[in-house]
Amino acid sequence: MPPLPSAHDPASPEAQARAAHTATLVARLRDDLRAARDDRSAKALARHREQGKLTAVERLDRLLDPGTPFLEVGALAAQGLYEGGVHKAGTFAGIGVIAGRECVVSSNDAMVKGGTIYPMGVKKALRMQAIAMENRLPFVSLVDSGGAYLPLQSEVFPDIDDGGRIFYNQALMSKLGIPQVTAVMGLCTAGAAYIPAMSDEVVQVRGTGAIFLGGPPLVKAATGEEVSAAELGGTEVHAVCSGVTDHVARDDAEAIRIVREIVGRLPAPARGWIDRVASEPPLHDPAELDGIVPESLAQALDPRELIARLVDGSDFLEFKALYGPTLVCGTARVHGYQVGILANHGVLFSECAQKATQFIQLCEKRRTPLLFLQNVPGFIIGRDYERAGITKHGHQMVNAVATATVPKLTVIVGGSFGAGNYAMCGRAYGPRFLWVWPNAKIGVMGAEQAAGVLISVANGQRERLGMGPMSVEEEEMIRVPVVENQAREGSAWYSTANLWDDGIIEPARTRDVLGLCLAACDRAPDPGFASAFGTFRM
Ligand code: COA
């Protein structure tokens, strides 16, 4: 195929305005990422140094192979939540390379409230376990945690997706044969004690590492017994008496060296199955994406301009180009991996949903991973469309997306509204990874539409009471808070703080992030294809 053409002119005033807007968002993102990584109190740092501990960042730097990429997940989780300053929801986490092997890595940051687990910390831990389970990656934990963040204990404790689920998952991961290696580098108190206890192999640092179900303050309160952390759960207890610990290290550096030795001796991962050839760069420069990302959702965005800058050689075989043109489907390669791409170019009509359903069936049979580029205002609505079956056709697409067994990746590159979020593989549809661009907007519907619905409902109530419609001022009293709220809650930053996604990424880095995700997907065996039917032409 000839490479995708591009109508983009980087020197045009429109492209320059878009590039300046994207640059502002990217600068904010970089600032926030730096703060989330580095802003810690002098008191907390001094406490670490006094105990001879490395910081969470220093531990990660030593754990990962030098010069290898680290795909951080949830880098801005919990930003702006709680009392503020709960950076990364208390844990550095991502996919990194240890002794040549891709692993899920999780490292508590004891400089954030003693490494205690906030509700968002539980959510992040469960997300990292899901990544390990779906992609069959070994899980390495560096634990240094005071257990549950007690003021919010009711939100981290008893429900199906609360703290207990972490240890439940550890048992499942063990059954699935996913190696779990844990280094105890500070306190592992209460729930956190189960992380080493449920792991395959445990390294404990002499002096600072301790494991106990109830820490010294709790033991004193419960029984009156006065006992030090070392006497209660140090290496003398767990390496010599209880047998919880398998390896003793004299300090953090040695513990990390032992973890790397253990990972280096794990059995080799399964061979990849996703169709792959040598990678080649796109013909069109990914850096140009900054000048293509619109300043607002009202501006047009042809997804082929994105695809041309994401895929190898800008080579794209479009499927049913003339049918349902507001959804672009086709096959391409990203870093050599074959993918089937679905990208919005406007509202989803019945034809789009049917085209998507047929295309997903083809990808499923051919074992081609799916990449969704979401920029979707939703499905078309109205009397004629309902009569023509938009709900039924939407169901076909949603059904195909939900039940496809090939790996699915989603990037929200613009708007993500209504059932469009679902049909384009939003978080609830099980994409292996979901990333957002800094310009992304997410919501049930647009702010003005939501305000319009509420105003119309209120006017309906007034009519039933024999009152006239609201004045412009009364309508504004409804409209303004809805619009303000949605501006905040619909932003990429709110999404990422709440872990609705795996992180905000720079448009120009998207291709490389997708390459790392596909490499991770390729670590799990092919889940296989099972259908009683052939492909239905739509
Ligand atoms: N819940 C809420 N906050 C906690 C906490 C908990 N379980 N444990 C510690 N914190 C807070 C402290 O109040 C302190 O907050 P501040 O920085 O605003 O003053 C911060 O975490 C650091 O604690 P500190 O004791 O100063 O640091 P440390 O490095 O000496 O010790 C711990 C950290 C976690 C080892 C220690 O605080 C501890 O043992 N906590 C109790 C653990 C426990 O029994 N948990 C039971 C959970 S079920």
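The values are calculated or read from the model by the stated rules, or taken from the named source; none is laboratory data. The structure presented is a predicted model; accordingly, all values stated were derived computationally and were not measured. Neighbour counts are summed over all protein chains in view; Cβ atoms, including those assigned to glycine, are modelled from backbone coordinates with ideal geometry. Only protein heavy atoms, including side chains, enter the accessible area calculation; ligands, DNA and RNA are left aside. Shrake-Rupley method; radii C 1.70, N 1.55, O 1.52, S 1.80 Å.
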> Roughly how many Å is it from the Cα centre of the stretch 298-364 to that of the stretch 123-194, as a whole number?
Replying inline: 38
> Roughly what % of DSSP beta bridges within the chain run antiparallel, to the nearest 5?
Replying inline: 35
> Can you give the angle from 0 to 90° between the axis of helix 350-366 and the longest principal axis of the chain, with both taken from C-alpha atoms, to the nearest 10?
Replying inline: 50
>> Using only DSSP helix segments of four residues or longer, with each worth -39500 (n - 2.57), what per-residue ellipticity at 222 nm results for the chain after dividing by its residue count and rounding to 500?
In response: -12000 deg cm²/dmol
>> With a cut-off of 8 Å between alpha carbons and a minimum separation of six or more residues, what is the relative contact order of the stretch 1-130 in percent?
In response: 20
>> Could you compute how fast the stretch 390-522 diffuses translationally, taking Rh as the Kirkwood radius over C-alpha pairs and applying Stokes-Einstein at 37 °C with viscosity 0.692 mPa s? Give it in µm² per second.
In response: 193
>> Defining a contact as two alpha carbons under 8 Å apart and six or more residues distant in sequence, what relative contact order in percent does the stretch 410-538 show?
In response: 28
>> Students often forget the sequence filter, so: which lysines lie under 27 Å Cα-Cα from LYS88 once same-chain residues fewer than 8 apart are removed?
In response: LYS43, LYS53, LYS113, LYS123, LYS124, LYS408, LYS441
> Dividing the convex hull volume of the alpha carbon atoms of the stretch 164-319 by its residue count, what do you get in Å³ per residue?
Replying inline: 248
> What size of dipole, in debye to the nearest 20, comes out for the chain about its Cα centre when the only charges are +1 on Lys and Arg C-beta atoms and -1 on Asp and Glu C-beta atoms?
Replying inline: 1080
> Which whole-number percent gives the relative contact order of the stretch 291-347, counting Cα pairs below 8 Å spaced six or more residues apart?
Replying inline: 27
> Ranked highest first by the average count of other Cβ atoms within 10 Å around their residues, in what order do 3-13, 247-257 fall?
Replying inline: 247-257, 3-13
>> What distance in nm lies between label points placed 7 Å from Cα along the C-beta direction at ASP512 and PHE536?
In response: 4.3
> Which whole-number percent of Cα pairs in the stretch 282-439 have a distance greater than 21 Å?
Replying inline: 40
> If you place +1 on the Cβ of every Lys and Arg and -1 on the Cβ of every Asp and Glu, how big does the dipole about the Cα centre of the stretch 96-253 come out, in debye to the nearest 20?
Replying inline: 320
> Can you list residues whose amide H is under 5 Å from VAL334's amide H, if they're 5+ apart or on another chain and H is modeled 1.01 Å from N?
Replying inline: ASP312, VAL339
> Amide H neighbours of ILE211 under 5 Å, counting only residues 5+ apart in sequence or on other chains, H built in-plane at 1.01 Å?
Replying inline: CYS188, GLY233, GLY234
>> Accessible area of the stretch 1-146 with a 1.4 Å probe: how many percent of it is carbon plus sulfur?
In response: 56
>> Please give the Cα centre distance for the stretch 439-487 versus the stretch 513-538, rounded to the nearest Å.
In response: 43
> Taking N as the number of residues in the stretch 12-127, what is its alpha-carbon radius of gyration divided by 2.2 N^0.38 Å?
Replying inline: 1.23
> Any idea how far apart ALA321 and LYS43 come out in nm if each label point goes 7 Å out from Cα toward Cβ?
Replying inline: 6.4
> Measuring from label point to label point, each 7 Å out along Cα→Cβ, what is the ARG28 to GLU236 span in nm?
Replying inline: 5.5
> Of the GluC sites (Glu not before Pro) in the stretch 22-83, which ones lie in a loop per DSSP and count no more than 13 other C-beta atoms within 10 Å?
Replying inline: GLU83
